[in-house]
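Notes follow the structure.
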Amino acid sequence: MVYPGILSGYNPDDGIFIGGGPVFFKYSRYLQQQYEILGSYAFATNAFNLYFGTKYSFPLRNLEVNFSTKYSSPEYAGNYFGLGNETKWQVPHSEKYFYRLRMSQFHTEVNFEKWLNANKTIKAGPGLFFSLTDVEQTKGRFISQPDNGLTKNDLSLHTYSAAYFNYEINTLSGMERKAEEEFAGSSSFPTRGFRTTARAEYFFGLNEQSDDFQKLSGDFITYLSFSQRPRVVYALRVGGEKLFGNFPFHEAATLGRTENLRGYRETRFYGDASFYLNAEVRFRMKQLNTYLFNGTAGMLLFNDTARVWLKNESSGKWHNGTGAGLWISPFDMAVISVSYAASADDKLLSFSVNYQF
């Protein structure tokens, strides 16, 4: 079977990316296969992305093998305001574009995932990847200024191979079983359960500018409700990251809007460790059933608290973002949300597919 795949998006530097490609599926009792060949192009800046991915599932062995390769030409990759927990907007350069960061990246990866129990709530497995990252020193932006806090080596080409191990417990998996669906809710409005992940990585530097370093990361997510078919769900996520050794700044622990700290721009803070706490109250307000549309709509309130740490920096500051949003789930298959968040740093309107967590 062949289906069309979509690889489109938007970022403030490159504008709209348009693209896609074929997605192939092949099923049998012993092996399920998926292949994706996708590409996208931004007409405003000529930036482009290429992606190839394969997935092999062995149902009788509870095993999955994944392989992917991605290349992106120089394109928007977040922001860079400097290193540390208390970086500020520079008054002479309050323009948003001044802090934008552009990088070209090549990444190829293979990983193995094994379900460790019969009801498929625990899985673990190793992986390997190779990455090449080149930061563009865009003229007239903070990344090219002499006071950006980075050395010449920091802005050089970095090449790594890495080995990692993932571990995950997820009581929201296996949603096709009726008993569990009654417990966990639907994928568009999970009501009970939890998920926790842990990841350990060792990076091996492959060129003169790249040193070995290590990274630990993890998070815990839980959904709480107090009735059979609740209209109100309390969602909580806590997580963090810690790096050891001499790492490039673009591999640092970061905080920002699309990751874990709403009300602040993408990759707003960089450090060698991070911690974040995200809390949401989600309301299911309306079930929509018409001839043309079927789905669920609701609203949410949220608060995010987070900070980073950096060696030789003394900071006791915590960052806080608060806001509200609306969500809709067409045919209860996916979630589309729009939210508004305010912080001491900024006020931001965000559009996304799915919830923050």
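Key figures
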| quantity | calculated |
| --- | --- |
| Order of THR138, THR267, THR191 - criterion: other Cβ atoms within 10 Å of each residue's Cβ, fewest first | THR138, THR267, THR191 |
| Pairwise label distance in nanometres, ARG231 with GLN287, each label 7 Å out on the Cα-Cβ vector | 1.2 |
| Ranked TRP327, TRP318, TRP89, TRP115, criterion: other C-beta atoms within 10 Å, fewest first | TRP318, TRP89, TRP115, TRP327 |
| Cα gyration tensor shape of the range 1-57, rounded if a/c is under 1.5, else prolate or oblate by comparing a/b with b/c | prolate |
| Matching label, log10 I(q)/I(0) by the Debye sum over Cα atoms at q = 0.06, 0.10, 0.11, 0.13 Å⁻¹ computed from the structure shown, candidates [x] -0.25, -0.72, -0.90, -1.31; [y] -0.23, -0.64, -0.76, -1.04; [z] -0.45, -0.80, -0.89, -1.08 | [x] |
| Estimated FRET transfer efficiency when R0 is 30 angstrom, pair PHE130-THR151 (beta carbons, to 0.05) | 0.80 |
| Partners for LYS120 among lysines (Cα-Cα distance below 16 Å; same-chain residues under 8 apart left out) | LYS178 |
| Label zone at THR322 (point 7 Å along Cα-to-Cβ), backbone N below 16 Å, the range 265-299 | 278-281 |
| Taking VAL338, VAL353, VAL238 and counting other C-beta atoms within 10 Å, the order from fewest to most | VAL353, VAL338, VAL238 |
| Distance (nanometres) between label positions extended 7 Å along Cα→Cβ at GLN32 and ARG199 | 2.3 |
| Most positive-pole-ward Cα, SER210, HIS250, LEU155, against dipole of the range 62-353 from beta carbon charges | HIS250 |
| Chain lengthening between TYR167 and PHE220 when straightened (0.36 nm per residue, less Cα-Cα) | 17.9 nm |
| Helical mean residue ellipticity (222 nm; -39500 (n - 2.57) per DSSP H run of 4+; nearest 500) of the chain | -500 deg cm²/dmol |
| Subset of LYS96/LYS139; LYS70/LYS347; LYS70/LYS311; LYS114/LYS242; LYS311/LYS347; LYS286/LYS347 violating a 23 Å alpha-carbon distance limit | LYS70/LYS347; LYS70/LYS311; LYS114/LYS242; LYS311/LYS347; LYS286/LYS347 |
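Each reported figure results from applying straightforward, stated rules to the coordinates on display, with no laboratory input. The structure displayed is predicted, hence computed values, not measured ones. Backbone-built Cβ (ideal geometry, glycine too); neighbour counts: all protein chains shown.
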